[in-house]
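The values are calculated or read from the model by the stated rules, or taken from the named source; none is laboratory data. This is a predicted model, so every value here is computed, not measured. Here the Cβ positions follow ideal geometry from the backbone for every residue, glycine too, while neighbour counts run over all protein chains shown.
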Amino acid sequence: MRNTAMNMVHKLAARDERVLYIGSDPGAGTLRAMSKEFPKRHLIEGISEAHIIGMSAGLAMEGFVPYVNTIATFLTRRCYEQVAVDLCLHNLPVRLIANGGGLVYAPLGPTHQAIEDIAIMRALPNMTVVCPCDADEAARLMEQTLDWTGPIYIRLGKGGDAIVSRAEHGFEIGKAILMRPPGDVVMVTTGIMLQRALAAADLLAAQGIRAGILHMHTVKPLDTEALLQAIRGTRLVATLEEHVPSGGLGSAVAEALIDKLGSGLPAMLRLSLPDRFMHNYGSQDSLLKKHGLSADAIATSIARALIASPTSSPQLHST
Amino acid sequence: MTQISPHAEAALTCTLDERSLYLRRLVLGSVRSAGRGHVGPALSLIEMVRVLYDDVLRIDPSNPRDPARDRAILSKGHGCLALYALLADRGFFPLSELDGFCGPDSILGGHPEYGMVPGIEASTGALGHGLSIGVGLALAARLRERTYRTFVLLGDGEINEGSVWEAAMGAAKHGLDNLVALIDYNKLQSYGPTDYVLPLEPLADKWRSFGFAVQELNGHDVGALRTVLKQVPAVPGKPTAVICHTVKGKGLPAAESNADWHHKNKLTDSELDAIRVAVGDF
């Protein structure tokens, strides 16, 4: 996913002279081809994230579209005030390409695990937050970033994630994709939780439970209409996220449902990481499994929640 | 003990001409109307802003977004009263706006906002942001082969922020000789003396070692400011830092070098009388 997103920056740069790549201190050879073809627009600015965000704001004020790239935690925690003030307050078209969203850097420990990035980025006015599920979807997303108004936070996965997105679904920032029709339950996913949801849906189907999947690649702005459509007639809404429980996809979905439905809310299950830093290493998969976010664990949690939830569908309606 | 710069001594003793007094009357009128404002940080800054807007910047108040204009960012956004006075006097917006400072429907807040105030290039107030934005503006000029220059006004307390020194390294890396950092070195931040809060000396050597061409002067000396600011870049291929030795609260004896006047709420009748004596009726 990361290589695809990087290559897309090069491709966009070839198409549009406003495009800049700005890295802090990325891996050796990052976008080497672009650095040769467009040396003036391939900028490596050092481990100085606060400065880089401000500098990108200045470049965007002059009509450039900077794609800023480093590890997700450094792109969010270190320079949060610059993101808030320089980018969001000025509503500038800077793209933050965050390597290693979620638990990708599991072996490197909690300093490198972006577990609250969606929450803090989503909290900022004017910010758009997108979490593609695989390399193909990352490519489709990048195509749309050139002319999107305002800043975008792009949470990338590990790379090598199974390709599950489909070209026929298209891609539009802010428009959720219904991957499986709603049934007894609808799972709402973002990022690489989609792959787990698809596998969990198969496991549930084997138990006679019909599970829908709404892929909410854009967490902000949230596609509330698609959400309301997808939950109609279901007994349970389950949100799946590689993120702490506060402020992420589960929160966004709950807020939207409360705002739109008020009373008559559906039963809801929020599956997420716990509200604590990870002190285990291993791999992204092993940490997800440890915290109940493997396909098996998701299916089990949903089946259990369905038993506890009312058998009749809640009276869902859109307002 | 740090040796006192002759420029700092000159800043303490130099007199102000009528235009400088007039601009102070505008600033203090805003404070009187609003019942609040950062007085000391604005009064130390006035001559720096005055010379920029009167003599140096290539700007057109009737076309504040002219692509060819020079860019100026007040990174120490809390000094905005000085900038508002200049912008109003130069016709970016009506002088009457100054009376609405911090009011519910005013365009003029306690820190300047891009998009609200004609002539403001960037919203500032959180410190340590302006120089990085300035690096971006200056680099954009380089990439686009444009001739505008970028001036960034920084406070001395502000440069406690590490991001300023990240930006300084970036400016030097790119050899941005179209970028000028002006440091309002009044030696007094909110709590007290910069030497106490976080010593900055040797300040000129710091900027020099970060790759800047450095000039030092009395920041209330209009002539010296004109001479230096009209000769940028000081050294081709290098960004310029102009260390302006100033006096916080300059022009008001009660406020000079007095941290209590960093931010001032309602002015008392006796304070207003003292102001009239110092800068004239307003």
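Worth pointing out:
- Scan of the stretch B:49-71 for residues that are closer than 29 Å to residue A:63 by Cβ, aliphatic (A, V, I, L, M) and in contact with a Leu (Cβ under 6 Å, 6 or more places away or on another chain), ordered by number: B:49, B:56
- The stretch A:59-82: number of residues that are without any contact (Cβ under 8 Å) to a residue 12 or more places away in the chain and surrounded by 24 or more Cβ atoms within 10 Å (Cβ to Cβ): 0
- Here residue A:199 clears all of (1) closer than 17 Å to residue A:249 by Cβ; (2) aliphatic (A, V, I, L, M); (3) not in a loop (DSSP other than H, G, I, E, B) except the condition numbered (1).
- If the condition is being more than 14 Å from chain B (Cβ to nearest Cβ) and charged (D, E, K, R), then the stretch A:80-121 contributes A:95, A:116, A:117.
- Test set (1) within 9 Å of another protein chain (Cβ to nearest Cβ); (2) within 17 Å of the chain's Cα centre (by Cα) - residue B:138 fails condition number: (2)
- Applying the condition of being aliphatic (A, V, I, L, M) and in contact with a helix residue (DSSP H, G or I) (Cβ under 7 Å, 6 or more places away or on another chain) to the stretch B:203-229 and asking which residue is surrounded by the most Cβ atoms within 10 Å (Cβ to Cβ) yields B:225.
- Being under 19 Å from residue A:48 (Cα atoms), crowded, with 23+ Cβ neighbours inside 10 Å and either at pLDDT 95 or above or touching a strand residue (DSSP E or B) at 6+ places or on another chain (Cβ under 6 Å) (or both) is a property that does not hold for residue A:85.
- Residues of the stretch A:9-33 that are in a helix (DSSP H, G or I), touching a strand residue (DSSP E or B) at 6+ places or on another chain (Cβ under 9 Å) and of a type in the set (Gly, Ala, Ser): A:13 alone.
- Neighbours by Cβ (under 8 Å, 6+ apart or cross-chain): first from the stretch B:115-128, within 10 Å of chain A (Cβ to nearest Cβ) and among the β-branched types (Val, Ile, Thr); second surrounded by fewer than 20 Cβ atoms within 10 Å (Cβ to Cβ) and assigned to a loop (DSSP other than H, G, I, E, B): B:124/B:111
- Selected residue (only one of A:44, A:52 is surrounded by fewer than 17 Cβ atoms within 10 Å (Cβ to Cβ) and either within 27 Å of residue A:118 (Cβ to Cβ) or among the aliphatic types (A, V, I, L, M) (or both)): A:44
- Residue check, residue B:45 within 20 Å of residue B:114 (Cβ to Cβ) and touching a Ser or Thr at 6+ places or on another chain (Cβ under 9 Å): yes
- Some residue of the stretch A:218-241 being part of a loop (DSSP other than H, G, I, E, B), under 20 Å from residue A:100 (Cα atoms) and not hydrophobic (A, V, I, L, M, F, W, C): yes
Yes/no per residue for (1) β-branched (Val, Ile, Thr); (2) farther than 26 Å from residue B:279 by Cβ; (3) in contact with an Asp or Glu (Cβ under 8 Å, 6 or more places away or on another chain):
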site: B:208; (1), (2), (3): no, yes, no
site: B:214; (1), (2), (3): yes, yes, no
site: B:219; (1), (2), (3): no, no, yes
site: B:224; (1), (2), (3): no, no, no
site: B:233; (1), (2), (3): no, yes, yes
site: B:237; (1), (2), (3): no, yes, yes
site: B:248; (1), (2), (3): no, no, yes
site: B:256; (1), (2), (3): no, no, no
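- In the stretch B:184-201, the residues that are surrounded by fewer than 21 Cβ atoms within 10 Å (Cβ to Cβ) and closer than 16 Å to residue B:164 by Cα: B:198, B:199, B:200, B:201
The rows are residues; the columns are (1) within 23 Å of residue A:9 (Cβ to Cβ); (2) modelled with pLDDT of 95 or more; (3) of a type in the set (Asp, Glu).
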residue: A:90; (1), (2), (3): yes, yes, no
residue: A:117; (1), (2), (3): yes, yes, yes
residue: A:129; (1), (2), (3): yes, yes, no
residue: A:152; (1), (2), (3): yes, yes, no
residue: A:165; (1), (2), (3): yes, yes, no
residue: A:171; (1), (2), (3): yes, yes, no
residue: A:176; (1), (2), (3): no, yes, no
residue: A:195; (1), (2), (3): no, yes, no
residue: A:199; (1), (2), (3): no, yes, no
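- Members of the stretch A:34-83 that are within 18 Å of residue A:145 (Cβ to Cβ), in a strand (DSSP E or B) and β-branched (Val, Ile, Thr): A:65, A:68, A:70
- Residue match in the stretch A:165-186 (condition: under 18 Å from residue A:224 (Cα atoms), in contact (Cβ under 8 Å) with a residue 60 or more places away in the chain and either surrounded by fewer than 24 Cβ atoms within 10 Å (Cβ to Cβ) or in contact with a Ser or Thr (Cβ under 8 Å, 6 or more places away or on another chain) (or both)): yes
- Residue that is farthest from the other protein chains (Cβ to nearest Cβ) [pool: residues in the stretch B:147-180 that are small (Gly, Ala, Ser) and assigned to a helix (DSSP H, G or I)]: B:172
- Within the stretch B:167-199, the set of residues being in contact (Cβ under 8 Å) with a residue 40 or more places away in the chain and among the basic types (Lys, Arg) comprises just one member, B:187.
- Flag not set for residue A:144, criterion: surrounded by 24 or more Cβ atoms within 10 Å (Cβ to Cβ), over 13 Å from the mean Cα position of the chain (by Cα) and of a type in the set (S, T, N, Q).
- Residues that are of a type outside the set (Gly, Ala, Ser) and more than 11 Å from residue B:129 (Cα to Cα) within the stretch A:37-57 comprise A:37, A:38, A:39, A:40, A:41, A:42, A:43, A:44, A:45, A:47, A:49, listed in sequence order.
- Test result for residue B:196, more than 11 Å from every other protein chain (Cβ to nearest Cβ) and outside any strand (DSSP E or B): yes
- Hey, residue B:232 more than 23 Å from residue B:203 (Cβ to Cβ) and either more than 23 Å from the chain's Cα centre (by Cα) or crowded, with 18+ Cβ neighbours inside 10 Å (or both) or not: no
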